[in-house]
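Working notes for the structure below.
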There are 2 protein chains.
Amino acid sequence: MTTSDPTSFSAEEYFATQPPPPTLEHDISGVRDFVARQAKEGRKVVLVTSGGTTVPLELNVVRFLDNFSAGTRGATSAEYFLKAGYAVIFMHRQFSLQPYSRHYSHSTNPFLDFLEIEPSADGTISPPAICVTRNMRQDLLEVLTAYKSVHAAETLHTMTFVTVNDYLWLLRAVTQELCVLGKKSMYYLAAAVSDFFLPRQKMSEHKIQSGKGSLHIEMDQVPKILKPMVVEWTKGEGFIVSFKLETDGQLLVPKARAALDRYGHQVVIGNDLHRRKFEVVFVSRKSLPPLPPGVEPEPLPEQELEDPISTTFVETWIRIPVPTSSPNPATNQVKEIEEDIVAELVRRHERWVEEAR
Amino acid sequence: MTTSDPTSFSAEEYFATQPPPPTLEHDISGVRDFVARQAKEGRKVVLVTSGGTTVPLELNVVRFLDNFSAGTRGATSAEYFLKAGYAVIFMHRQFSLQPYSRHYSHSTNPFLDFLEIEPSADGTISPPAICVTRNMRQDLLEVLTAYKSVHAAETLHTMTFVTVNDYLWLLRAVTQELCVLGKKSMYYLAAAVSDFFLPRQKMSEHKIQSGKGSLHIEMDQVPKILKPMVVEWTKGEGFIVSFKLETDGQLLVPKARAALDRYGHQVVIGNDLHRRKFEVVFVSRKSLPPLPPGVEPEPLPEQELEDPISTTFVETWIRIPVPTSSPNPATNQVKEIEEDIVAELVRRHERWVEEAR
């Protein structure tokens, strides 16, 4: 695999040349109503994006390029945001993990295994009752209670995407709707977004025949949308958190800093593919304390002038004990790093809302 | 996208150069026990493959090429094979649809929606019972009863794959285990297998940096394994059914015939991407009735000599009314085409088992 001469779309060119998904208007109308309701109730709202985007290789999709992401980070975080009192717009890859149901994956914890058919005392109840087995009641009770509570309060709005094109159009439209909430909106961009895509003009209509020989795929870079998101779509008011996933741990902090510099958003959460369940790093700009009135800023010490990058960023590492999947005997809970990630973000967002512009 | 000079592996070269999945021995040992049990009970066994295979682009998988397949065909067919008394080895793409749980996708029919917490009469039952809502009891009863029955009889053996490499190694190993059952083994190859892959030697270790410029991916053809499967792995005794999915309906029958000719197996089921839920075509070789003893075969009439292809194949179209997802009021069942596909295959397999070699 090689990279070559740039064929890059700006965000503007992208939206001018690629068609919106057919359900866009309908999807956004639902978001608009949801946001209006939260605004009325004074609630903070977080957009959580989750799962991988695809790049179809043909118009009649048989093959596609995909980004590895079960959606664990997003689905788990959404639960903790809801618990913390946020309203959540959960924009996820269709069929990837969702809050609450994520605990009962058909592959690893199939719910059919813990249902039993109750024999009725006199045999006349038809159809018979079907209930959760005794040993699973506590587990289900907690999840089901939270689920029902969120549904009753209508604080969770769920949307799906499949392709990177769906994702980009949706992200822009949802962000523009959330703009009315000003600083009370947070953006938790945990989705694994394709770096490369096939512009519609380059896609073939029918399934590419395998025939003989090898297959060459030439793809263009997906436009970086964080900059327009910060500057135009949220007008600098949204609290924007992006993620960096790397397989080479050395690249995490440098790339996170570079992204903050380039895009001007609030936080980059860096994670190493192999350590992400128990360790992440928050990278943000160092905020200077406000000066008392009448005091002039001191000139920067020479060391800081020589090394401008390191003076402006701060890293906060969040770690939990390496999960062994043995629950805490007192609570029967397995500790999840997302609890701490969300707690930290809730604190920082609170400060963001409070501080003067 | 373009195709170029062939870089093609034979099946033999493939297995000689690509590493087996680490869980292969463990997986096959489970299959061996399962097959031995079915042999003892005289049961027919069908290997159902289902879902798409992936081609990872990096050794630390961040991106991969995938084949579109929810696994509906395979998961649904497996249920009907089980109902018909077959034992099923269900070899599917991890997290794709499975028999029974397929009815309760977390996206389209989440089970948390039809559980309720039962208030206990005296408030002392803790934790309280959690049961299926009254209106869903009948639905669940049917699926749950079939599920429990299959689990009690141990007639369903489930295995997973992710990459095309996993798939090829598993397919060969499982087929070799099923060989002991001779003609009683059927192979229902519904998985969407990658046509192209990246040999391990061409894969990069770390996530490919997007940097600047476009991305070029050059891939090699996946070896065709149907031929060795028919000739070597099953020694001509297995009843092998492969699928062809096309987006251009005109290609269905010609390609199906070409495959039968090239590989020598029993049935190709052709389906058009947009019509596959209500229409498929079975393509097979026309079987001539046995001649009475002492009678010589007549010379072929001239028309058949000119058009040899059409004289040796027969097409059987299976169609159901276009599904509208309104259940039959009498049975509350939605008709599924897999019911008819499986019924037809069960009949043909019965003839295969009975006919003299």
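The values are calculated or read from the model by the stated rules, or taken from the named source; none is laboratory data. Keep in mind it's a predicted model, so treat the numbers as computed, not measured. Here the Cβ is made from the backbone with ideal geometry for all residues, glycine too, and neighbour counts use every protein chain on show. The protein model used for the area step is the full one, side chains on, heavy atoms only, and it has no ligands, DNA or RNA in it. Shrake-Rupley method; radii C 1.70, N 1.55, O 1.52, S 1.80 Å.
For the reader, a short list of remarks on this structure follows.
- Put simply, when B:66-73, A:69-76, A:57-64 are sorted by average Cβ atoms within 10 angstrom per residue, most first, you get A:69-76, B:66-73, A:57-64.
- Largest first, the residues B:E350, B:E25, A:E336 sort by 1.4 Å accessible area into B:E25, B:E350, A:E336.
- Taken residue by residue and averaged, Cβ atoms of other chains lying within 10 Å of the Cβ of B:44-55 number 1.
- Taking the three principal axes of the alpha carbon atoms in chain A, the coordinate ranges are 87, 65, 42 Å, sorted in descending order.
- Shielding of peptide A:239-249 by partners, expressed as the average count of other chain Cβ atoms within 10 Å per residue Cβ, is 2.
- DSSP-defined antiparallel bridges as percent of all bridges, chain A, nearest 5: 40 percent
- Multiplying each eigenvalue of the alpha-carbon gyration tensor of the range A:56-131 by 5 and taking the square root yields semi-axes of 36, 21, 11 Å, largest first, rounded to whole angstroms.
- Counting DSSP beta bridges with both ends in the range A:1-110, the antiparallel % (nearest 5): 35 percent
- Springs between Cα atoms under 10 Å define the GNM used for chain A, and in it the highest mean-square fluctuation of A:V295, A:V55, A:V193 occurs at A:V295.
- Taken about its Cα centre, the protein assembly as shown carries a charge dipole of about 580 debye when Lys and Arg each add +1 at the Cβ and Asp and Glu each add -1 at the Cβ.
- Phi angles across the range A:89-103 convert, under the Karplus curve 6.51 cos²θ - 1.76 cosθ + 1.60 with θ = phi - 60°, into 3J(HN,Hα) values of 9, 9, 9, 10, 5, 3, 6, 7, 4, 10, x, 6, 5, 4, 6 Hz, Gly and Pro given as x.
- Free-standing Cys, the protein assembly as shown [no other Cys Cβ under 4.7 Å]: A:C179, B:C179
- Estimated translational D of the protein assembly as shown in µm²/s (Stokes, Kirkwood radius over Cα pairs; 20 °C; 1.002 mPa s): 75 µm²/s
- Accessible surface for B:T53 stands near 0 Å², nearest 10, in the context of the full protein assembly shown (1.4 Å probe).
- Furthest towards positive pole of dipole, A:S105, A:T53, A:F9, structure part the protein assembly as shown, Cβ charges: A:S105
- Fraction of alpha-carbon pairs over 18 Å apart in the range A:14-86 - percent: 63 percent
- Ordered from highest to lowest accessible area with the whole protein assembly present and a 1.4 Å probe, B:E338, A:E237 read as A:E237, B:E338.
- Cα shape, the range A:165-259, gyration tensor, a/c 1.5 rule: oblate
- Accessible area of A:W169 in the full protein assembly, 1.4 Å probe (Å², nearest 10): 30 Å²
- Carbon + sulfur, % of accessible area of the protein assembly as shown - ligands and nucleic acids excluded, 1.4 Å: 53 percent
- Averaged per residue, the protein assembly as shown has 48 square angstrom of accessible surface, using a 1.4 angstrom probe with ligands and nucleic acids left out.
- On association of chains B and A, roughly 7700 Å² of accessible area becomes buried (total for both chains; probe 1.4 Å).
- Using a simple spin-label model with pseudo-atoms 7 Å out from Cα toward Cβ, A:S149 and A:A343 lie 1.7 nm apart.
- Point-to-point label distance, B:E142-B:H26, nm (Cα→Cβ direction, 7 Å offset): 3.8 nm
- Shielding by partners for peptide B:92-105, expressed as the average number of C-beta atoms from other protein chains within 10 Å of each residue's C-beta, is 3.
- Over the protein assembly as shown: helical MRE at 222 nm, DSSP H runs n ≥ 4 each giving -39500 (n - 2.57), nearest 500: -9500 deg cm²/dmol
- Using heavy atoms of the protein chains and a probe of 1.4 Å, the accessible area assigned to B:H151 is about 100 Å².
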